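The values are calculated or read from the model by the stated rules, or taken from the named source; none is laboratory data. What you see is a predicted model, and the numbers here were worked out from it, not measured in a lab. Positions of Cβ are generated from backbone atoms using ideal geometry, with glycine treated the same way; all protein chains shown enter the neighbour counts. Accessible surface areas use protein heavy atoms only, side chains included; no ligands, DNA or RNA. Shrake-Rupley method; radii C 1.70, N 1.55, O 1.52, S 1.80 Å.
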Amino acid sequence: MKTIASKKDNTSTDETLLALIYKYCGLRNVSKEDLAVAMYFSRSTLYNRLRAPSTFTFEELKRLFKILRFSDEDMVRYTRLLMRDLTSLDLVS
C-alpha cells in the first residue's frame, strides 16, 4: 500500500497533521487506544503513524478524518498543504 510520504522534508505537513489529530482527539474525547481500535490498528501501528504522520495512507487519512469528525475547513487546509508538498516533488530522475 502506498503512503503519503515523499522524498522531501515533510516537517510542516507532519506537524500540521499531528496537531489536528491531537486537537480532534481532545475535542471528541478520544484516547489513543480508542483511536487505534477505531482505525483497526494495533497500538504500535498507531504510535508509528503518529511518529511519522506522512506514513498514513490515503485510505487511513480518510478514515481518520471521518472517525475524528474533522471540520471541512481543517480537511481542506491539510489537503492543500499535502498537495503543495506533493506537487513540489521532483519526479523526473
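In segment 36-47, the residues that are closer than 18 Å to K66 by Cβ form Cβ pairs under 7 Å with partners that are of a type in the set (G, A, S), at six or more places apart or across chains, as follows: A36/S42; L46/A36.
Here E60 passes the criteria (1) crowded, with 17+ Cβ neighbours inside 10 Å; (2) not in a helix (DSSP H, G or I) except the one numbered (2). Of all residue pairs spaced 6 or more apart or on separate chains, those with beta-carbon atoms under 7 Å, a first member in segment 49-72 that is under 11 Å from L35 (Cβ atoms) and a second member that is open to solvent by 50 Å² or more (accessible area, probe 1.4 Å) and in a helix (DSSP H, G or I) are L68/R28. When restricted to residues that are in a helix (DSSP H, G or I) and either closer than 17 Å to A19 by Cα or at pLDDT 95 or above (or both), segment 63-93 contains 16.
Counting only residues that are of a type in the set (F, W, Y) and within 13 Å of D14 (Cα to Cα), segment 50-92 holds 2 of them. The set of residues in segment 35-57 being more than 13 Å from L17 (Cβ to Cβ), in contact with an Asp or Glu (Cβ under 9 Å, 6 or more places away or on another chain) and open to solvent by less than 70 Å² (accessible area, probe 1.4 Å) consists of M39, F41, L46.
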